[in-house]
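Structure record follows, encoded as structure tokens.
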Amino acid sequence: MTDCIFCKIVAGEIPSTEVMSSERTLAFRDIKPALPSHILVIPREHIQSADTLTPQHAATLAEMFDTAQKVARQEGLSERGYRLVFNVGDDAQNSVPHLHMHVVGGRPMEWPPG
Ligand code: DGP
């Protein structure tokens, strides 16, 4: 996707603070962190959102969760806990149409979200 911000980050055309990289995924710091640790894990291939996932994406999705676990450990979040979030659509305030998992933590969080 030529006009996708996250595809441009994958291609190195837009700078990002990389945290981790794997064959199918990239993890980088969110430009507007909502919590002390806020990392985005994305697939290198363009997938629109969690709402368009199919069984064909199984390997990519598994690798996204593997990357998220490693990121959480690296950030020191695993012991106290963290949250993995996929926003879908306008009501969830999804703003970038390239699948991304928010890995957030570093302080106690509220539930349910507002
Ligand atoms: P969402 O609301 O779930 O679509 O989250 C998109 C996130 O992406 C949001 O927290 C801000 C972040 N973001 C948007 N543009 C950029 C960018 O160019 N670089 C980085 N690092 N993060 C971005």
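Some points to look at:
- Some residue of region 38-46 being free of Cβ contacts under 8 Å to residues at least 12 places away in the same chain and more than 17 Å from residue 10 (Cα to Cα): no
- Residues satisfying the stated conditions in region 47-65, i.e. small (Gly, Ala, Ser) and touching a residue at least 12 places away in the same chain (Cβ under 8 Å): 49, 50, 59
- Test result for residue 1, of a type outside the set (Gly, Ala, Ser), touching a helix residue (DSSP H, G or I) at 6+ places or on another chain (Cβ under 6 Å), outside any strand (DSSP E or B) and in contact (Cβ under 8 Å) with a residue 40 or more places away in the chain: yes
- Looking across region 95-108, the residues that are more than 14 Å from the ligand (Cβ to nearest atom) and either surrounded by 16 or more Cβ atoms within 10 Å (Cβ to Cβ) or touching a residue at least 40 places away in the same chain (Cβ under 8 Å) (or both) come down to 105, 106, 107.
- From the list 61, 40, the lone residue that is farther than 15 Å from residue 6 by Cβ and under 12 Å from the mean Cα position of the chain (by Cα) is 61.
- In this entry, residue 20 is excluded by the filter for residues that are modelled with pLDDT under 95 and farther than 13 Å from residue 102 by Cβ.
- The number of residues in region 66-94 being within 13 Å of the chain's Cα centre (by Cα) and either over 19 Å from residue 28 (Cβ atoms) or without any contact (Cβ under 8 Å) to a residue 24 or more places away in the chain (or both) comes to 5.
- Residue tally, condition near the ligand (Cβ under 10 Å from one of its atoms) and over 12 Å from residue 68 (Cα atoms), over region 19-48: 6
The values are calculated or read from the model by the stated rules, or taken from the named source; none is laboratory data. Note that this is a predicted model, so its numbers are computed, not measured. We place every Cβ from the backbone using ideal geometry, glycine too, and count neighbours over all the protein chains shown.
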